[in-house]
1. Kindly evaluate residue 354 against the criterion of being under 24 Å from residue 15 (Cβ atoms) and assigned to a strand (DSSP E or B).
2. Of the numbered conditions (1) closer than 29 Å to residue 56 by Cα; (2) away from the ligand (no atom under 16 Å from the Cβ); (3) in contact with a Phe, Trp or Tyr (Cβ under 7 Å, 6 or more places away or on another chain), residue 394 satisfies every one except a single condition; which is it?
3. What's the number of the condition residue 112 fails, among (1) buried (at least 17 other Cβ atoms within 10 Å of the Cβ); (2) under 23 Å from the mean Cα position of the chain (by Cα); (3) in a strand (DSSP E or B); (4) within 11 Å of the ligand (Cβ to nearest atom)?
4. Tally up the residues in segment 272-292 that are within 16 Å of the ligand (Cβ to nearest atom), surrounded by fewer than 24 Cβ atoms within 10 Å (Cβ to Cβ) and aliphatic (A, V, I, L, M), please.
5. Answer yes or no as to whether residue 96 is assigned to a loop (DSSP other than H, G, I, E, B) and on the phi > 0 side of the Ramachandran plot.
6. Starting from segment 19-48, keep only residues that are within 28 Å of residue 324 (Cβ to Cβ) and basic (Lys, Arg), then list their pairs with residues that are assigned to a helix (DSSP H, G or I) and near the ligand (Cβ under 7 Å from one of its atoms) whose Cβ atoms are within a distance under 8 Å, requiring at least 6 positions of separation or different chains.
7. If the requirement is being touching a strand residue (DSSP E or B) at 6+ places or on another chain (Cβ under 6 Å) and at positive phi, which of these qualifies: 259, 264?
8. Let me spell it out: the conditions are (1) near the ligand (Cβ under 7 Å from one of its atoms); (2) modelled with pLDDT under 95; (3) of a type outside the set (Phe, Trp, Tyr), and residue 48 meets all of them except one. Which number is the exception?
Amino acid sequence: MSTPSTFVIVGAGMAGGKAAETLREEGFDGRIVLVGAEPHRPYERPPLSKDYLRAEGGLAWLQEDEGWYAQHDVELRTETVAESLDVSGSAVVLAGGERLQYDRLLLTTGAEPRRLPLPGADLEGVHLLRTIEDSDAIRAAIEAGGRLVVIGGGWIGCEVAASARQKGMDVTIVEPLELPLLRVLGPELGGFYRDVHADQGVELLLGTGVEAIEGSGRAERVRTSDGRAIDCAAVVVGIGVTPRTELAEGGLDVDNGVLVDERLQASAEGVFAAGDVANAAHPVFERRVRVEHWANALEQGPAAARAMLGRDVRYDKVPYFFSDQYDVGMEYAGLHDPGSDELVVRGDMAGREFIAFWLRGDRLVAGMNVNVWDVSDPIQELVRSGAPVDRARLADPNVPVEEVSSSPAAG
Ligand SMILES: Cc1cc2nc3c(=O)[nH]c(=O)nc-3n(C[C@H](O)[C@H](O)[C@H](O)COP(=O)(O)OP(=O)(O)OC[C@H]3O[C@@H](n4cnc5c(N)ncnc54)[C@H](O)[C@@H]3O)c2cc1C
């Protein structure tokens, strides 16, 4: 780009960091300002509930070399909060009052954990998990031992429960629904994950709410809706996240995230959003999609960067997610509705090696491979293509996933 101009990125997480990287890779030679509230350069969050939490692995920086940002002339402003947005004046106002004028703006402000609206939620020893500091605090609790109560049986709750259990803590999961992961995966797969945790000695209090967290000065027990009091050393609250739209609300269309089109452009010209905060029109699913997945941040950041440069962008990636709990690794690709889509299972759920497929009519809308590898790409391709698939072939482990279409080549 020959005209020097200023591109501001608010949110120095994965999506924002990848966007800055892509702008330079694509030859943009204007000013890039990457504004981030945290005291760190962009890093990956998945290890924070897995190997990093268990003190078995390090942090995963987007740029291993701390000097990368200066070397590439990216002004990384850490510990800097963007406080408001002036869309008509093309400026972001930072805490302290500095106005940053932009020619293009990218919002990658991510999401933040929901807080428990209950007595005792702010006691010492009650943890949320989003940042390195959160993970460090939970890691210290795991090292101290005792019982950990995990409130919420979603992905974060399940992964923290697994890590704490692997490190020898006693663990109780309290989940108001009948099964962990029920809302995202449905009853069959929720039952699968219940058994995985129960087999590892995790106590699961399902269909059970929380009334309060109690203790003198710090969390000592969790009082449940069925009248139990669970003594504990620490509590982790994993009850979901909300997109960080505070900034966007001052001038952009917002509804469960920042509304963006297929180019990831928001309701104002020259303003884009990507990652957990973006609720994007999706050409494959023909509806808006906002996902909280690492791969989405990794792919949408670069796509938004290209759109900022005026390139022809149509973001049509199939959502992809992974999770590791004990020796159960899984990848999920697609987007299904557990309440209405049909489940077809290939392989052995009891043996913990299987693929779950979800169908809408004859079309594959999602697939989840558990301890079966190298099949996520063909699953994503099938979901993207919308080709009709054959149930019997889907269920047959001898038919490669690439060949489950209902009109296979003769022979
Ligand atoms: C513990 C944990 C484990 C996970 N494990 C997995 C996994 O196994 N698989 C998977 O697919 N996904 C996983 N995820 C989800 C994945 O990490 C997220 O989808 C990803 O981090 C989203 O990236 P992002 O850049 O959109 O947002 P974020 O990572 O949330 O980054 C946004 C950044 O913007 C900053 N910010 C927000 N508002 C402002 C402001 N006004 N001014 C300045 N800065 C601001 C925030 O401080 C933050 O640093 C996990 C998440 C967590 C927390």
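The values are calculated or read from the model by the stated rules, or taken from the named source; none is laboratory data. Here the structure is a predicted model, which means the values were calculated and not measured. Note that each Cβ is placed from the backbone with ideal geometry, even for glycine, and that neighbours are counted across all protein chains shown.
1. On the way: under 24 Å from residue 15 (Cβ atoms): no; assigned to a strand (DSSP E or B): yes.
It is false that residue 354 is under 24 Å from residue 15 (Cβ atoms) and assigned to a strand (DSSP E or B).
2. That leaves (1) as the condition not met.
3. (1)
4. Final tally of qualifying residues: 2.
5. On the way: assigned to a loop (DSSP other than H, G, I, E, B): yes; on the phi > 0 side of the Ramachandran plot: yes.
Here the answer is yes, as residue 96 does meet what is asked.
6. The qualifying pairs are 45/14; 45/294.
7. Details: 259 fails: at positive phi.
The unique qualifying residue is 264.
8. The number of the failed condition is (2).
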